[in-house]
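Trainee: This is the structure, below, for whatever I ask next.
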Amino acid sequence: MFKYFEPNKIFSITSKAPKYVLFLFVIILTVGLIEALVLSPEDYKQSHSVRIMYVHVPAAWICLGIFSMITFLSVIGYIFKIRNFFLISKSLAPSGFVFSVIALVTGSIWGKPTWGTWWAWDARITSMLILSLFYVIYLIAWRIYDNDDKAFKITSIITVAGIINVPIIKYSVDWWNTLHQPASINILSESSIHVSMLYPLLIMTAAFTLFSLLIFLMKYNTELIKIKNKGLDRL
Amino acid sequence: MISEILTMNGYGLYVWSAFAFTLLNFTLLYVVIKIQYIKEKKKFIAKFGALNSERAKVAKSQSINKEILSNTSTI
């Protein structure tokens, strides 16, 4: 099954896909921004500051999702010795890191009018900051041990250590008294968010997902060309 | 209507700065990755051009190399 993930087979798709993904991203982002900034209602308590949710929440979701994917691919890649899984993980990391920074900074901006402070060492904010640091360590590890076997081992260890933090981020609002409210959107039970706010949130999440896909494809193609450059040196 | 969208009941500065920060980061990340891509591709084309005809023939037999050379204007 893993042979279908070989770079030789998928490069013809990944090299052409970015322009279509970019086109789709621009359309969905435009719709999402109009919904988030103009059409969606203001909150009865938070007024218009609630609109920050439309960038803060999707960014947080996606950076958590990307880190979980990186960990899964690194572990499977390490067990079954699939180099391409490491290449995919490496290509996913830049957008994951940027989304973690966006989640932290927009959360800080949202905190000022809502809680009266830019920053608090609350369980969720602190665990989110730790996730950002894991992204930094992961990216630095790739810079130091570029594409060799040591990089596979070290980055796998970093992701396994970092993944412990992911459920802590998710359940921190339930386990401790934090400034954050409990989750408003639940997959298994009924969500407490109104549809007029849920739809813009889902559209912005789709736009952010497309952006991370776009960056992933571009980075993946760059990494493949880098490997091919080394191959030309050996000819 | 427009001033209401801009000021947002006094929350405009917070909301617009959060959105601006997000879009600025998107643009920066896109530009950085794009520059890296163009740099690697230029390096590949230069190295390929420097190969002698026999080695170029071997290199061109690989599908990825052909694909890289043919997609000169991908994003």
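Trainee: Which FRET efficiency value, to the nearest 0.05, do you get for A:TYR20 and A:ALA183 by plugging their Cβ-Cβ distance into 1/(1 + (r/R0)^6) with R0 = 41 Å?
Mentor: So the FRET efficiency works out to roughly 0.75.
Trainee: How much of the accessible area of chain A, probe 1.4 Å, is carbon plus sulfur, in whole percent? Don't skip to the end; give the middle numbers.
Mentor: Working: 7920 of 11380 Å².
Carbon-and-sulfur percentage of accessible area, whole number: 70.
Trainee: When the Kirkwood radius is taken over all Cα pairs of the protein assembly as shown, what Stokes-Einstein diffusion coefficient follows at 37 °C and 0.692 mPa s, in µm²/s?
Mentor: 155 µm²/s
Trainee: Relative to the longest principal Cα axis of chain A, at what angle does helix A:195-234 sit, 0 to 90 degrees, rounded to 10?
Mentor: The two axes meet at around 20 degrees.
Trainee: Where does the charge balance sit around A:VAL38 when Lys and Arg score +1, Asp and Glu -1, over other residues with C-beta under 11 Å from its C-beta?
Mentor: In short, -1.
Trainee: Give the residue list of trypsin sites (Lys or Arg not before Pro) in the range A:70-159 that are DSSP loop and have at most 16 other beta-carbon atoms within 10 angstrom.
Mentor: Sparse-neighbourhood loop trypsin sites (Lys or Arg not before Pro): A:LYS81.
Trainee: Can you give the calculated 222 nm mean residue ellipticity of chain A, where each DSSP H run of n ≥ 4 adds -39,500 (n - 2.57) and the sum is split over every residue, rounded to the nearest 500 deg cm²/dmol?
Mentor: Taking each H run of at least 4 residues, the total per residue is -26000 deg cm²/dmol.
Trainee: May I pose another question? Would you work out the charge dipole size for chain A about its Cα centre, treating the Cβ of every Lys and Arg as +1 and the Cβ of every Asp and Glu as -1, and quote it to the nearest 20 debye?
Mentor: Its charge dipole is roughly 940 debye.
Trainee: On a 0 to 90 degree scale, rounded to 10, what angle separates helix A:53-80 from the longest Cα axis of chain A?
Mentor: The two axes meet at around 30 degrees.
Trainee: What's the angle, to the nearest 10 degrees (0 to 90), between helix A:165-175's Cα axis and the longest principal axis of chain A?
Mentor: 20 degrees
Trainee: Please name whichever of B:VAL32, B:TRP16, B:ILE5 sits farthest to the positive end of the charge dipole of the range B:2-70, dipole taken about the Cα centre and charges placed at Cβ: Lys and Arg +1, Asp and Glu -1.
Mentor: Farthest towards the positive pole: B:VAL32.
Trainee: A further question follows. Per residue, what accessible area does chain A have, given a 1.4 Å probe and all protein chains present, in Å²?
Mentor: Averaged over the residues of chain A, the accessible area is 48 Å².
Trainee: How would A:PHE85, A:PHE134 rank on accessible area, largest to smallest, probe 1.4 Å?
Mentor: Per-residue accessible area, sorted high to low, gives A:PHE134, A:PHE85.
Trainee: Separate question: When we measure straight from the Cα of B:LYS34, which aspartates and glutamates land under 16 angstrom away, once same-chain ones fewer than 8 places off are left out?
Mentor: Within reach: A:GLU223.
Trainee: Under a GNM of chain A (C-alpha, springs under 10 Å), which listed residue has the highest mean-square fluctuation: A:SER95, A:SER127, A:SER192?
Mentor: Result: A:SER192 has the largest fluctuation of those listed.
Trainee: Right, another one. Given the options A:ALA17, A:ALA103, A:ALA59, state which has the largest fluctuation in a GNM of chain A using a 10 Å cut-off (strictly under) for Cα springs.
Mentor: A:ALA17
Trainee: I would also like to ask the following. Ignoring ligands and nucleic acids, what accessible area does B:LYS43 show with a 1.4 Å probe (Å², nearest 10)?
Mentor: Approximately 90 Å² of B:LYS43 is accessible to the 1.4 Å probe.
Trainee: Whole Å is fine, so just give me how far the alpha carbon centre of the range A:48-104 lies from that of the range B:1-65.
Mentor: 18 Å
The values are calculated or read from the model by the stated rules, or taken from the named source; none is laboratory data. No experiment lies behind these values; they were computed from the predicted model shown. Here Cβ is always computed from backbone atoms with ideal geometry, including for glycine, and neighbour counts include all displayed protein chains. Surface areas here come from the heavy atoms of the whole protein model, side chains and all, with no ligands, DNA or RNA. Shrake-Rupley method; radii C 1.70, N 1.55, O 1.52, S 1.80 Å.
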